[in-house]
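Below is one structure, written out as structure tokens; comments come after it.
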Amino acid sequence: ALVLCIGLVFDDAIIVLENVQRRADLGEPPLVAARRGTAQVAFAVISTTAVLVAVFLPVGFMEGNSGRLFRELAVALAGAVALSAFIALTLTPMMCSKLVRPHTKQRGFNAWMNRQLSRLGSGYGRRVDTLVALPAGRLLLLLAAAIAVCVAAAVLLFARVPSELSPAEDRGRFFVGVDGPEGAGFDYT
């Protein structure tokens, strides 16, 4: 459960950190940027957390095999997400007020990475422009082919990937069934 929610847990803190950094880059002092930046995104963090808790927590109260399988998962996910929201709204702004500094000129790895991402974005934009410029009939044909390939791949993968709810349990015993001819007695069988 904790491995599954790693992305969810870091999202809250990243939202706060990015907004505080944006405000610091606009010229606000770090303490003011931390206070105002957190206040701007607090509702989004709280609402996201409430939705995730509302989705995962009821799974812990399910009955039967499903409930037993997913009870710990649901409680761990809901608890981790709630704790991450608390930390994102308390500890993260405090650390941002001490550590965040406005970006000046980018250099080194950051500058190189931004250049690469800009190249990737412009290449993607060119490809989208090319697709949009295609005639409607050809675009629909291309879309139909892509959908057919995806459906074929999904069917192939569905047929090849084994699945089961829970593995068969080995109790160390076996059964043998024997049928004799009709009218045969116990001694004959």
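Mind listing whichever residues of the range 79-112 are part of a helix (DSSP H, G or I), in contact (Cβ under 8 Å) with a residue 60 or more places away in the chain and not hydrophobic (A, V, I, L, M, F, W, C)?
Within the range 79-112, SER84, THR92, PRO93, SER97, LYS98 meet the criteria.
Give the residues of the range 28-65 that are of a type in the set (Gly, Ala, Ser), modelled with pLDDT under 90 and touching a helix residue (DSSP H, G or I) at 6+ places or on another chain (Cβ under 8 Å), sorted by residue number.
GLY60, the sole residue that qualifies.
Can you give me the number of residues within the range 84-127 that are open to solvent by 100 Å² or more (accessible area, probe 1.4 Å) and closer than 30 Å to CYS5 by Cα?
Here the count works out to 6.
Do you know which residues across the range 20-40 are part of a helix (DSSP H, G or I) and either among the small types (Gly, Ala, Ser) or open to solvent by less than 20 Å² (accessible area, probe 1.4 Å) (or both)?
If the condition is that a residue be part of a helix (DSSP H, G or I) and either among the small types (Gly, Ala, Ser) or open to solvent by less than 20 Å² (accessible area, probe 1.4 Å) (or both), then VAL20, ALA24, ALA33, ALA34, GLY37, THR38, ALA39 are the ones that fit.
Under the condition of being open to solvent by 100 Å² or more (accessible area, probe 1.4 Å) and more than 29 Å from GLY64 (Cβ to Cβ), which residue from the range 158-177 is nearest to the chain's Cα centre (by Cα)?
Per the criteria, the residue is ARG160.
Which ones in the range 128-152 are touching a Leu at 6+ places or on another chain (Cβ under 9 Å), in a helix (DSSP H, G or I) and surrounded by 10 or more Cβ atoms within 10 Å (Cβ to Cβ)? Write out each step before concluding.
The initial filter retains those residues of the range 128-152 that are touching a Leu at 6+ places or on another chain (Cβ under 9 Å), namely 131-132, 134, 139, 142.
Keeping just the survivors that are in a helix (DSSP H, G or I) gives 131-132, 139, 142.
Residues satisfying the conditions are LEU131, LEU139, LEU142.
In the range 1-19, what residues are open to solvent by less than 40 Å² (accessible area, probe 1.4 Å) and closer than 15 Å to MET95 by Cβ?
ASP12, ALA13, VAL16, ASN19
Please go through the range 1-54 and pick out each residue that is aromatic (Phe, Trp, Tyr) and closer than 30 Å to ARG71 by Cβ.
PHE10
State whether one or more residues within the range 66-78 are open to solvent by 90 Å² or more (accessible area, probe 1.4 Å), part of a helix (DSSP H, G or I), at pLDDT 90 or above and not hydroxyl-bearing (Ser, Thr, Tyr).
Within the range 66-78 (the criterion being open to solvent by 90 Å² or more (accessible area, probe 1.4 Å), part of a helix (DSSP H, G or I), at pLDDT 90 or above and not hydroxyl-bearing (Ser, Thr, Tyr)), the answer is no, since none of the residues qualifies.
The values are calculated or read from the model by the stated rules, or taken from the named source; none is laboratory data. All values derive from a computational prediction rather than experimental measurement. Neighbour counts run over all protein chains shown; Cβ positions are idealised from the backbone, glycine included. Protein only, heavy atoms only, side chains kept; ligands, DNA and RNA dropped before computing areas. Shrake-Rupley method; radii C 1.70, N 1.55, O 1.52, S 1.80 Å.
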